[in-house]
Amino acid sequence: MQPNNFYRPTFAQVDLNSIKVNILNLKKHISSFVDVIAVVKANAYGHGDLEVSKAALETGVRMLAVATPDEAIRLRTNGIESPILVLGYSPPSFAVVASENDITLTVFQEEWFLHIQPLPRNLNVHIKIDTGMGRLGVITELQLKTLIQTISKRSDVKIDGVFTHFATADEEDVIQFTSQLDKFKRMLQLFPERPRCIHTANSAAALIHAESLFDAVRFGISMYGLSPSAFVSRELPFQLMQAMTLHTEVVHIKNVLAGSTISYGATYTVSKDEWIATLPIGYADGMLRGLAGQEVLIQGKRMPIIGRICMDQCMIRLDRPVNIGEPVILIGRQGNEEITIEDWAQKLHTISYEVPCILTQRVPRKYTHTLVFDINRPN
Ligand SMILES: *Cc1c(COP(=O)(O)O)cnc(C)c1O
């Protein structure tokens, strides 16, 4: 858990209302018969699993999804009572614990059931079908038939759902997507009884592929206000609200003489007298060295990070002197300027998903609940 109080002025702010607005806008976009499963794996993509789960449930979301058994247990232990689906692999030894804690598991191997003891309570499972992602799931019709038969022989296991995962739902080319959807529909024919919850869509498919909705969508990245890809961001049916911003303050400032160098390796040389400020955030916080040269916002203006980013600190060049304690926005809006998670992702040659996930535990998460109609008012 993150501390409520912290002394270093570096923190990530997570606006839970933005998360709620993204869910409510998605609900409006998809039919009211389609449920939203809020994906809160990986500490809710770095945003804080408990806080995000509660916010999502407040919007009427009925099920949460995590990646691992341990993530599910953490939610239960902390008082989350909604249905929870573990999307990834759970070892057979977890089955008893899952049934006791009413945690729904993903299954895709017939042999898995050879290893589970009789269960104290009924276990809900979702069958995962690999339609082309090549990660987890039954592949052939025979495998699926056998798995369904194996489960039907057990009175303590219930097939609550069936799902698949798309490899290219966020791309313009729909060939792979369509073939995966077709295979999924063919495999659905093999169920003697229709499972309660059929689901295929991740954020991208939920936003742009109405034909993939079925009973529920698994809403991950875009719940946090981020677009799954550049293509989807051009096709968005509504505007997403980025929930996370990253903040620090100037802790030291100096006028440095021309010819001096800054940071490890002395890679940056001051060309004329410059104002150089030090910020208390570094790569151990997730501000990776690849972000050297990225800009930050101070007094509504962009100022560059110069020299190498250190483990705990980095330096920036200012065009003016500012006070110690001057607020710095690393990700977010200040005045008319904005630095987005997508900007960081581009600088790091990666995707937006990675950026909030790599902000380490050392960065406290602070929660706000800005009301929708208040978003343009200064804080
Ligand atoms: C992570 C994950 C999702 C969510 O995907 P987004 O692109 O973040 O919406 C959905 N389904 C599965 C199986 C996942 O692992």
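The values are calculated or read from the model by the stated rules, or taken from the named source; none is laboratory data. Since the structure is predicted, the reported quantities are computational estimates derived from the model, not experimental observations. Here Cβ is always computed from backbone atoms with ideal geometry, including for glycine, and neighbour counts include all displayed protein chains. Calculation scope for accessible area: heavy atoms of the full protein, side chains included, ligands and nucleic acids excluded. Shrake-Rupley method; radii C 1.70, N 1.55, O 1.52, S 1.80 Å.
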* **Cβ-based charge dipole, the range 1-142, positive-most Cα from P92, T140, N22** => N22
* Nearest-0.05 FRET efficiency for E211 and Q176, computed from C-beta distance (R0 22 Å) -> 0.90
* Structure fact -> Counting only DSSP beta bridges fully inside the chain, the antiparallel percentage to nearest 5 is 50 percent
* Taking a spot 7 Å from the Cα of A67 along the direction of its beta carbon, which residues of the range 159-195 have an amide N less than 19 Å from it? -> 164-170
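With each run of n ≥ 4 DSSP H residues scored as -39500 (n - 2.57), what mean residue ellipticity at 222 nm is computed for the chain after dividing by its residue count and rounding to the nearest 500 deg cm²/dmol?
Result for the chain, helices only: -6500 deg cm²/dmol.
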* Structure fact -> To the nearest 20 debye, the range 244-339 has a Cα-centred charge dipole, built from +1 on Lys and Arg Cβ and -1 on Asp and Glu Cβ, of 200 debye
* Structure fact -> Restricting to lysines and to Cα separations under 22 Å from K366, and discarding same-chain partners fewer than 8 apart, the set is K20, K41, K54
* Whole-number accessible area per residue in Å² for the chain, which is evaluated in the context of all protein chains at 1.4 Å -> 46 Å²
* Asked: Can you give the relative contact order of the range 239-379 as a percent, counting alpha carbon pairs under 8 Å and 6+ residues apart?
  -> 25 percent
* At q = 0.21, 0.23 Å⁻¹, base-10 log of I(q)/I(0) for the range 52-130 (Debye sum, equal scatterers on each alpha carbon) -> -0.92, -1.07
* Out of residues 5 or more away from D35 or on other chains, whose amide H comes under 5 Å of its own, with H placed 1.01 Å from N in the peptide plane? -> A216, V217
* **Qualifying trypsin sites (Lys or Arg not before Pro) for the range 11-113 [loop in DSSP, other Cβ within 10 Å: at most 12]** => none
* Value of relative contact order over the range 18-129, rounded to a whole percent, pairs C-alpha under 8 Å and six or more apart -> 19 percent
* To do: Write out the chymotrypsin sites (Phe, Trp or Tyr not before Pro) in the range 1-97 meeting two conditions: DSSP loop, and at most 13 other Cβ atoms within 10 Å of their Cβ.
  => F6, Y7, F33
* **Accessible area of the chain belonging to carbon and sulfur atoms, whole % at 1.4 Å probe** => 51 percent
* **Where a label projected 7 Å from the Cα of D273 along Cα→Cβ would reach, residues of the range 294-331 with amide N under 20 Å** => 316-324
* Structure fact -> Taking the dipole of the chain about the Cα centre (Lys, Arg +1; Asp, Glu -1; charges at Cβ), the one of S227, M311, T106 that reaches farthest to the positive side is M311
* **Alpha-carbon centroids, the range 296-312 and the range 57-126: separation in whole Å** => 43 Å
* Structure fact -> In this structure, the FRET efficiency calculated for N122 and E337 from their beta-carbon separation, with R0 = 56 Å, to the nearest 0.05, is 0.55
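Please give the contour-minus-distance gain from S155 to A284: 0.36 nm per residue of separation, less the Cα-Cα distance, rounded to one decimal in nm.
Gain on stretching S155 to A284: 41.5 nm.
Placing unit charges on C-beta atoms (Lys and Arg positive, Asp and Glu negative, everything else neutral), compute the dipole magnitude of the chain about its Cα centre in debye, rounded to 20.
Charge dipole, the chain, about its Cα centre: 320 debye, nearest 20.
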* **Å³ per residue enclosed by the Cα convex hull of the chain** => 149 Å³
* To do: With a ≥ b ≥ c taken as the square roots of the eigenvalues of the C-alpha gyration tensor of the range 244-339, please select rounded if a/c is under 1.5 and otherwise prolate if a/b is larger than b/c or oblate if it is not?
  => oblate
* What number in nm² do you get for the range 16-226 if you take the convex hull of its Cα atoms and divide its surface by four? -> 10.9 nm²
